[in-house]
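Q: Pasting a structure below so you can have a look.
Derivation of every value follows stated rules applied to the coordinates shown; laboratory data play no part. What you see is a predicted model, and the numbers here were worked out from it, not measured in a lab. A quick note on method: Cβ atoms are made from the backbone with ideal geometry, for glycine too, and the neighbour counts reach across all protein chains shown.
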Amino acid sequence: MENPLHHFELHPLIHLSLMGFDVSINKAVIAMWVGLLAVFGLFMLVVKSGVRLIPGKLQITAEIALGFIRDMVEEFIGKEEAHKYFPFIATLFFFILACNLIGMIPGSYTITSQLVVTGVFAISVFILTLFIGFVKHGFHFLSILVPPGVPKIMIPLMIPIEIISMIARPVSLSVRLFANMTAGHTILYVLFGLAMSTPLMIGWLPFGFTVAINGLEIAIAFIQAYIFTILTCVYIGDVIHLH
Amino acid sequence: MELGAAALIGMGLCAAGFAGAAIGIGYIFAQTIETVGRQPNAEARIAKYCWIGFALVEAVALYGLVLAFIIMGNIS
């Protein structure tokens, strides 16, 4: 059997280079455009078709999705600050969800199975939390490194531990999303390879699993987008309230 | 030992880490079900923390998978 990670490799379709950087257009870039267009198109369609007092099916879907995220933001960041961060969190959620779900279409590409994509998401969230913390609290923000109620003698020990845990956040945030998507699609590939390479007598069994795992993957796409945004909310809430 | 064989054994050993995550996920859902059984009206809040915990535990298992991928990348 060939390498199960083979289908995650990217080959440029159109070679482009901008100021020495390789900006070739490949499958992932096209999938990302489609994802952006799907999210943007859905919400534009809702707005363009007229926001009514008695909502239609499409408007109800959009309202429920946005209300769900607003509740989440309000719970973890706080009611008075929530409106500032709600657009960012909602955009992040819908974009990651679209990226995850597009991978479920056969022949397309899972963008979030590239560590560079999830890494950029996670690092931008990390930089945003640091920025919010320093803007909001000034140098008092550094007190986040000392948990309250710690004895003075433990402080030299606690600061490196807290710094490590701060740096581990973007790493775990990005690797979680990347590894979940990669693992799911690798399992699908292996199972489908088994279904194709065995006779029909036995082959129906891995094929049935493929169908079941497909359903699981759609659930995982939602759960991982949810987890990514909920942890973003928790991190932003942490730097706003300082413990 | 041949280097390729050792790498394959290492990749297999990465899967052993999944056992810990399996215990963790089982424990999280067992506790969630028990808590919801005791306090059915708190289900929405508990389910939220349940999914966060699930994702955190599952990520640990997937680090093992990432390690296996790294070893696989170094063989070829």
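Q: How would you order A:31-40, A:6-15 from highest to lowest mean count of nearby Cβ atoms within 10 Å?
A: Top of the packing list down: A:31-40, A:6-15.
Q: Here is a further query. Please average, across the residues of A:175-186, the number of beta carbons from any other chain that are within 10 Å of each residue's own beta carbon, and give a whole number.
A: Averaged over the peptide's residues, the number is 4.
Q: Right, another one. Pick from A:Arg52, A:Arg176, A:Arg70: which is most flexible by mean-square fluctuation in a GNM of chain A where alpha carbon atoms under 10 Å apart are linked?
A: Comparing A:Arg52, A:Arg176, A:Arg70 in the GNM, the peak value goes to A:Arg52.
Q: Here's something else I'd like to know. According to a simple spin-label model (label point 7 Å from Cα along Cα-to-Cβ), what is the distance in nm between A:Ile159 and B:Leu13?
A: Modelled inter-label distance: 3.8 nm.
Q: Also, quick follow-up: Over all directions, what mean area does the Cα convex hull of region A:66-209 project, stated in square nanometres?
A: Here the figure is 12.8 nm², rounded to one decimal.
Q: Let me ask you something else. Divide the volume of the convex hull of the Cα atoms of region A:176-243 by its number of residues and quote the answer in cubic angstrom per residue.
A: About 64 Å³ per residue, rounded to a whole number.
Q: To the nearest 0.05, how large is the calculated FRET efficiency for A:His241 and A:Phe43 if R₀ is 35 Å and r is the Cβ-Cβ distance?
A: It comes to 0.70.
Q: Can you tell me the FRET efficiency between B:Ile75 and A:Ser24 if r is taken as the Cβ-Cβ distance and R0 is 22 Å, rounded to the nearest 0.05?
A: Efficiency computed from Cβ-Cβ geometry: 0.20.
Q: Something else: Over all directions, average the projected area of the Cα convex hull of region B:13-75 and note it in nm².
A: For region B:13-75, the mean projected area of the Cα convex hull comes to 4.2 nm².
Q: Quote the charge dipole size of region A:6-241 about the Cα centre in Debye, to the nearest 20; the model charges only the Cβ of Lys and Arg (+1) and of Asp and Glu (-1).
A: With only Lys, Arg, Asp and Glu charged at Cβ, the dipole is about 240 debye.
Q: Also, quick follow-up: Give the Debye-formula value of log10 I(q)/I(0) at each listed q (0.11 Å⁻¹), with one equal scatterer per alpha carbon of the protein assembly as shown, two decimals each.
A: -0.88
Q: Cα atoms only, region A:90-158: Rg and Dmax in Å?
A: Looking at region A:90-158, its Cα Rg and Dmax stand at 18.9, 59 Å.
Q: Next question. Compute the distance in nm between two label points, each set 7 Å from the Cα along the Cα-to-Cβ direction, one at A:Ser143 and one at A:Val120.
A: So the label points at A:Ser143 and A:Val120 sit 3.8 nm apart.
Q: At 222 nm, what value in deg cm²/dmol follows for the protein assembly as shown if DSSP H runs of at least 4 each add -39500 (n - 2.57) and the sum is divided by all its residues, to the nearest 500?
A: Result for the protein assembly as shown, helices only: -27000 deg cm²/dmol.
Q: Placing +1 on the Cβ of each Lys and Arg and -1 on the Cβ of each Asp and Glu in chain A, which of A:Ser49, A:Ala62, A:Phe134 has its Cα farthest towards the positive end of the resulting dipole?
A: Checked the options; the winner is A:Ser49.
Q: If each of A:Ile187 and A:Ile64 carries a label point 7 Å out from its Cα toward its Cβ, how far apart are those two points in nm?
A: 2.6 nm
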